[in-house]
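To keep things clear, I will list the structure first and then write my remarks on it.
The values are calculated or read from the model by the stated rules, or taken from the named source; none is laboratory data. As the structure is a prediction and not an experimental result, all values here were calculated from the model. Positions of Cβ are generated from backbone atoms using ideal geometry, with glycine treated the same way; all protein chains shown enter the neighbour counts.
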Amino acid sequence: MNRIDARKLNCPQPLILTKNALEGDLDEVLVLVDNDTAKQNILKFCNKMGYSAVVSDQNGDIGINIIKTIADTCDMSEEVIVGEIEKQNRGNKGYLIGTNILGNGSEELGKMLMKGFIYTLTQVKPYPEFIIFLNSGVKLASEGSDSIDDINQLLQHGTKIVSCGTCLDFYQLKDKLRVGEVTNMYDIVETISDSGNVITIG
């Protein structure tokens, strides 16, 4: 079996090594990683691509055996079609938020302004297609944030809410994320590249 040693590599290198291998001639690979974040990123990628993935213990490390499977090529369901229409209506606009405060100066005022900004996003249509939280911005989607309810409301309206896993680890918030999903730098770059309009804050 083809073996990829992605241990001791920072995000998103394990995912990129895996993706490159499977986009080549390989139909089956065993990826070795040494942390849960890398494992989750690779499993999410496999799920997205329709690949079969089995996790095993490899002498204390994490092994992920990935096999390419044939994707279902049937017509899109009505639910998927409606989702695509809604996506088009959003204008492919998204926000990259890299801070938990808005503007320079008083931190207290900056937090108030950011809270007001997030709330205002729930009141203006069309809703954004996505919001990506980076650096201290991940605090906005984590336990203790005053914006949890507003961000959750955007999520309920179809806005994709994601937070950088490396950033959550840095601030020790991985277990305190309260709304949205954990993502990685590869997915962040892919989302930004596919978007026609990204607004950066912070």
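Looking at the stretch 120-133, is at least one residue under 23 Å from Glu107 (Cβ atoms), surrounded by fewer than 17 Cβ atoms within 10 Å (Cβ to Cβ) and either in contact with a Phe, Trp or Tyr (Cβ under 6 Å, 6 or more places away or on another chain) or touching a residue at least 24 places away in the same chain (Cβ under 8 Å) (or both)? Don't jump to the end; show me each part of the working.
Let us first name the residues in the stretch 120-133 that are under 23 Å from Glu107 (Cβ atoms), namely 120-121, 131-133.
Now drop any that are not surrounded by fewer than 17 Cβ atoms within 10 Å (Cβ to Cβ), which leaves 120.
Cutting the leftovers down to either in contact with a Phe, Trp or Tyr (Cβ under 6 Å, 6 or more places away or on another chain) or touching a residue at least 24 places away in the same chain (Cβ under 8 Å) (or both) gives us none.
No, the stretch 120-133 contains no residue that is under 23 Å from Glu107 (Cβ atoms), surrounded by fewer than 17 Cβ atoms within 10 Å (Cβ to Cβ) and either in contact with a Phe, Trp or Tyr (Cβ under 6 Å, 6 or more places away or on another chain) or touching a residue at least 24 places away in the same chain (Cβ under 8 Å) (or both).
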*Can you pull out the residues in the stretch 156-196 that are in contact with an Asp or Glu (Cβ under 7 Å, 6 or more places away or on another chain) and at positive phi?*
Gly158
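Could you list all residues from the stretch 94-119 that are under 16 Å from the mean Cα position of the chain (by Cα) and surrounded by fewer than 19 Cβ atoms within 10 Å (Cβ to Cβ)? Steps first, answer last, please.
Taking the stretch 94-119 as the starting set, the residues that turn out to be under 16 Å from the mean Cα position of the chain (by Cα) are 94-98.
Within the stretch 94-119, just Gly98 meets the criteria.
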*Identify, from the list Glu86, Glu78, the residue that is at pLDDT below 90 and surrounded by 13 or more Cβ atoms within 10 Å (Cβ to Cβ).*
Glu86
*Go through the stretch 18-35 and give me each residue that's free of Cβ contacts under 8 Å to residues at least 12 places away in the same chain and either in a helix (DSSP H, G or I) or surrounded by 21 or more Cβ atoms within 10 Å (Cβ to Cβ) (or both).*
Asn20, Glu23
*Would you call Leu96 in a strand (DSSP E or B), modelled with pLDDT of 95 or more and out of contact with any Lys or Arg (no Cβ under 9 Å at 6 or more places or on another chain)?*
yes
*asked:* I want to confirm something. Restricting to the stretch 45-68 and keeping residues that are small (Gly, Ala, Ser) and assigned to a loop (DSSP other than H, G, I, E, B), which single residue is surrounded by the fewest Cβ atoms within 10 Å (Cβ to Cβ)?
replied: Gly60
*List, please: which pairs have Cβ atoms under 8 Å, are six or more places apart or on different chains, and start with a residue in the stretch 168-195 that is without any contact (Cβ under 8 Å) to a residue 40 or more places away in the chain and hydroxyl-bearing (Ser, Thr, Tyr) and end with one that is buried (at least 18 other Cβ atoms within 10 Å of the Cβ) and part of a helix (DSSP H, G or I)?*
Tyr171/Val138; Tyr171/Lys139
